[in-house]
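Novice: Can you read through this structure? Questions will come right after.
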Amino acid sequence: MSAHTVFRKFARRGVGGVIAAGLTLGMAGMVAPAFAATTSSSAHMGMAMATSHVGTTPGWYDGHTVKFTYTKNFTCKRPPASKASSGCEAGVDYEGTPAPTFDPLYVIVPLGFQPPKATLACPIAGHCIDHPSTIDLSGVFGSSKYDNVKLPAHSHIITTLNNRKPEWWNVVVIGVTNRSSWNEIVAAKSYAKVSALRREGDKAVTGNITTNLFLYFKAS
């Protein structure tokens, strides 16, 4: 059975662990170069260790492109027991948070095709302002081969501006497996479109995949 077939099989079942397994299997089979394994000399102990930088990326909110301004580095608290150099892990829920209140950040990942660079908020795998460069996917692959791979290229969707005040945002991953569905989301620039595509039975849009990754920024 091909990786793409496995991904679609899992994606039809719903959200949670099986979706995470399907998503990452699909990634491995279709966009492997974006998930090249990296080498780390020491394990990350649960908090972002690199120096924070001030910078921006675009994001989508309610049909508009907005600006995210980052002033702190990411954090990925343990547990779960990530083996990535970043301490971050997908397919598992967070057990510790950097603040008592936060909002979701939906990270939209293209799978099996290369979208126009202009539609990606972070177009280079493993490189984005105050994001982790790596993530642990071993829990969903069932292999240590994937415990330290590059964070994929992606775009961002939010459902609130938080009164244009900076806060922590928990990353929730959504995979998109064809250009047509990707284009619809790009045109709509909203989570409402993601939800609508799911209601319409669009199998190219996965369920929500949890992570222990939090980013800090202001949306305006």
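Where a number appears in this text, it was derived from the coordinates with a stated rule and is not lab data. Fair warning: this is a prediction, and the values are worked out from it, not measured in the lab. Because the Cβ atoms are built from the backbone with ideal geometry, glycine has one as well, and the counts that use them run over all protein chains shown.
Novice: Around residue 161, under 15 Å between beta carbons, what's the net of Lys plus Arg minus Asp minus Glu among the other residues?
Specialist: With Lys, Arg at +1 and Asp, Glu at -1, the neighbours total +2.
Novice: Let me ask another. Where Lys and Arg each count +1 and Asp and Glu each count -1, what net charge lies around residue 76 among other residues with Cβ under 14 Å from its Cβ? Intermediate values should be presented prior to the final figure.
Specialist: Details: positive: 72, 77, 78, 83; negative: 89, 93, 95, 130, 136, 147.
Here the count lands on -2.
Novice: Could you list 74, 102 so that the one with the fewest beta carbons within 10 Å of its beta carbon is first and the one with the most is last?
Specialist: With the fewest neighbours first, 74, 102 line up as 102, 74.
Novice: Exposure proxy check: 128, 122, 76 ranked by fewest other beta carbons within 10 Å?
Specialist: Neighbour counts put them in this order, fewest first: 122, 128, 76.
Novice: Same structure again: Run down the lysines and flag those whose C-alpha is under 16 Å from the C-alpha of residue 165, throwing out any fewer than 8 positions away in its chain.
Specialist: Output for residue 165: 67, 72, 218.
Novice: Please work out whether the stretch 50-159 counts as rounded, prolate or oblate from its C-alpha gyration tensor, where a ≥ b ≥ c are the square roots of the eigenvalues and a/c under 1.5 means rounded, while otherwise a/b larger than b/c means prolate and anything else oblate?
Specialist: Oblate, since a/c reaches 1.5 and b/c is not below a/b.
Novice: Where Lys and Arg each count +1 and Asp and Glu each count -1, what net charge lies around residue 144 among other residues with Cβ under 14 Å from its Cβ?
Specialist: -1
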